[in-house]
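The values are calculated or read from the model by the stated rules, or taken from the named source; none is laboratory data. Just so you know, these numbers come straight off a predicted model, no measurement behind them. Counting neighbours? That spans all protein chains shown, and the Cβs are built from the backbone with ideal geometry, glycine included. These accessible areas exclude ligands, DNA and RNA; they are computed on the full protein's heavy atoms, side chains included. Shrake-Rupley method; radii C 1.70, N 1.55, O 1.52, S 1.80 Å.
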Amino acid sequence: MSQYYIWTIGCQMNKAESERLGSYLEQLGYQATGTAEVADIIVLNSCVVRQSAENRVINKLNSLKSLKKIQPDTTLAVTGCLVNSKIDQLKKSFPHVDYFFKPGDYPPWLEKPESAPVLPRHPSPGVFVPIIQGCNNFCSYCIVPYRRGRERSRTIPEIACEVKTLVHRGVREVTLLGQNVDSYGHDLPGKPDLADLLSELNAINGLARLRFLTNHPKDMSSKLIEAIASLDKVCEQISLPVQSGSNEILKAMRRGYTVEQYRQLVTQIRSKIPGIALSTDIIVGFPSESKPQFQQTVNLLSELRFDTVHVAAYSPRPGTIAAGKLEDNIPPAEKKERLNKIEQLQEGIATEINAQLSGKTVEILVEGKVKEKWQGRTRTGKIVFFNDASNCLGQLMNIRVEKTSPWSLQGKAESSSTG
Ligand code: SAM
Ligand code: SF4
């Protein structure tokens, strides 16, 4: 039987697209393998959001040169955000690659599936479902709009039909994906929004939980906040990237909101949705970010106390507004120091937030096993580990938390399956 190997880095959107590509190849009769050397088709699903990710993609591509030499019949293809509109240039730089295709597309040398997307036959209990592609925002540092194009939403009936099929195949939790998920629907006839989609999906029998990411603060409406508060399957977890605590830097980033507006939004969310877990993204070392401006970010994080913070050092992306107009003038060592400072601060905050769960009972959806322990997540997205001899996969379980850390919880099953 012919085999395929898919290598994926980057965001959840890439992971979802790789999963669907794998299902499509399986429908065509290919079998998954974890070893590139034995595969008939190799697909690299790339990310270039930062230079470090791009370097990993290029290293992986170069490491496959010798394999292609020995096995010229193996098809090597690249998709994801490395693929820009200048495919001829890419072909010149990587002549050993047979095909480049746009993120979310299907391999161009194979027949297109009759009904796209092709969904996994045996999905995990929790799956990602892309609902809106692309981004219209053009934040000054970000390559995504240039690689994934403008926003395109899928219709509510199409998404609902897909979720029903997935639930029928055993899925209990769905995470709706978009680079800017809360702007969902503005490009569709009648302009339905994410709140409308959530209420439609909330009614699907057998589905237990709904999440969505990533949100843009300027598109988080009061209607959406009300929907999260009132719909029982929508989990108490919101991603809300702030990127900086300085208004000058936010302006240079072209984020479209001020720190004051962001703070007001967090207050509104927390007052309407008790127990909500918030996560955010931060970029440190943006061009000309002064020490006091960085300190404003530190202060904002100390004040708002997020459950999770994803922090990245600014990386100039050729073709973006910031890379063209602003000098990357914060030295790497200084960026690293700022990054470490935020990570340390957040470790302390997450330690305290998670410690409050000690001795409490949380409901988790069991998603799999890691090193002999079952692993699941709470509605607020906390990772929980526990031991159990029975098969708990896909079950909703009550776990009594015994031990906490900034990154995860450990506990004991109180009741077996409730789902
Ligand atoms: N759409 C979301 C938003 O509005 O923030 C996030 C999507 S973005 C692809 C994921 C994260 O990558 C961003 O939140 C940002 O922190 C980080 N990122 C994007 N471009 C970057 C750059 N040039 N340098 C460093 N980090 C970057
Ligand atoms: Fe990039 Fe900004 Fe779009 Fe997020 S909103 S994907 S950071 S351009």
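With only alpha-carbon atoms in the gyration tensor, what are the semi-axes of the equivalent ellipsoid for the stretch 152-298, in Å, largest first?
32, 16, 14
Return the unpartnered cysteines for the chain, using a Cβ-Cβ cut-off of under 4.7 Å.
11, 47, 81, 135, 161, 235, 392
What does the net charge come to around residue 24 if you take all other residues with beta carbon closer than 12 Å to its beta carbon, with K and R at +1 and D and E at -1?
With Lys, Arg at +1 and Asp, Glu at -1, the net is -3.
Under 14 Å from the Cβ of residue 260, count the other residues' Cβ atoms, weight Lys and Arg +1, Asp and Glu -1, and hand me the total. List each step's numbers first, then the result.
Details: positive: 218, 251, 255, 263; negative: 248, 303.
That sum, taken over residues with Cβ under 14 Å, equals +2.
For the stretch 258-350, just list the percent of Cα-Cα distances falling in each 5 Å bin from zero outward, please.
In order of increasing distance, the bins hold 2, 12, 22, 21, 18, 13, 8, 3, 1 percent.
Please work out the average accessible area per residue across the stretch 232-295, using the 1.4 Å probe convention, and give it in Å². Intermediate values should be presented prior to the final figure.
Working: 2530 Å² over 64 residues.
Solvent-accessible surface per residue comes out at 40 Å².
Over all directions, how big on average is the projection of the convex hull of the alpha-carbon atoms in the stretch 315-379, in square nanometres? Each step should come with its number before you reach the end.
On the way: hull surface 32.8 nm².
Value for the stretch 315-379: 8.2 nm².
Let me see the P(r) profile for the stretch 285-419: every Cα-Cα distance counted, bins of 5 Å, each bin given as a percent of all pairs.
In whole percents, the pair-distance histogram is 2, 10, 17, 14, 12, 10, 9, 9, 8, 6, 3, 0.
When a/c reaches 1.5 or more, the comparison of a/b and b/c decides; with that in mind, is the stretch 99-222 rounded, prolate or oblate per its Cα gyration tensor? Walk me through the numbers on the way to the answer.
Numbers: a/c = 1.83, a/b = 1.10, b/c = 1.67.
Oblate is the answer for the stretch 99-222, as a/c is 1.5 or above yet b/c matches or exceeds a/b.
What percentage of the solvent-accessible surface of the stretch 138-203, computed with a 1.4 Å probe over protein heavy atoms, is contributed by carbon and sulfur atoms?
On the way: 1400 of 2490 Å².
Here it works out to 56 percent.
Taking the stretch 1-156 as the region of interest, what is the percent of Cα-Cα pairs per 10 angstrom bin, listed from the shortest bin to the one with the maximum distance?
10, 40, 36, 13, 1
Residue 74: net charge of surrounding residues, Cβ under 10 Å, Lys/Arg +1, Asp/Glu -1, itself excluded?
Values: positive: 68; negative: 37, 40, 73, 98.
The answer is -3.
Of the cross-linked pairs 91/251; 15/403; 86/112; 251/341; 68/112, which ones have a Cα-Cα span greater than 28 Å in the structure shown?
Details: 91/251 37 Å; 15/403 30 Å; 86/112 23 Å; 251/341 23 Å; 68/112 25 Å.
From the list (91/251; 15/403; 86/112; 251/341; 68/112), the Cα-Cα distance tops 28 Å for 91/251; 15/403.
Taking N as the number of residues in the stretch 364-419, what value does Rg over Cα atoms divided by 2.2 N^0.38 Å take?
Values: Rg = 9.9 Å, N = 56, 2.2 N^0.38 = 10.2 Å.
The value comes to 0.98.
Taking only Cα atoms and a 10 Å spring cutoff, compute GNM fluctuations for the chain and point out the largest among 394, 104, 319.
Maximum fluctuation in the GNM of the chain, among the listed residues, is at 319.
Take the solvent-accessible surface of the protein heavy atoms, probe 1.4 Å, and return the percent of it on the stretch 234-326 that carbon and sulfur atoms account for.
Details: 1950 of 3750 Å².
The value for the stretch 234-326 is 52 percent carbon and sulfur by accessible area.
Excluding ligands, DNA and RNA, what is the solvent-accessible area per residue of the stretch 1-133 at a probe of 1.4 Å, expressed in Å²? Provide the component values of the computation, followed by the final result.
On the way: 6630 Å² over 133 residues.
The answer is 50 Å² per residue.
For a protection proxy built on the mean count of beta-carbon atoms within 10 angstrom, sort 138-151, 37-50 highest first, please. Write out the running numbers ahead of the final one.
Details: 138-151: 19.1, 37-50: 21.0.
Packing proxy ranking, top to bottom: 37-50, 138-151.
How would 311, 171 line up by accessible area, probe 1.4 Å, largest first? Walk me through the numbers on the way to the answer.
Values: 311 30, 171 0 Å².
Ranked list, largest accessible area first: 311, 171.
Go ahead and estimate [θ] at 222 nm for the chain from helices alone: -39,500 (n - 2.57) per DSSP H run with n ≥ 4, summed, over the residue count, rounded to 500. Intermediate values should be presented prior to the final figure.
Numbers: 13 runs with 141 residues, N = 419.
Estimated from H runs of four or more residues: -10000 deg cm²/dmol.
Given N residues in the chain, what is its alpha carbon radius of gyration divided by 2.2 N^0.38 Å? Could you put the intermediate results ahead of the total?
Working: Rg = 22.0 Å, N = 419, 2.2 N^0.38 = 21.8 Å.
Normalised Cα radius of gyration, the chain: 1.01.
Could you rank the peptides 206-212, 396-402 by their average count of other C-beta atoms within 10 Å per residue, with the highest value first? Spell out each step's value before the answer.
Working: 206-212: 20.9, 396-402: 18.9.
Top of the packing list down: 206-212, 396-402.
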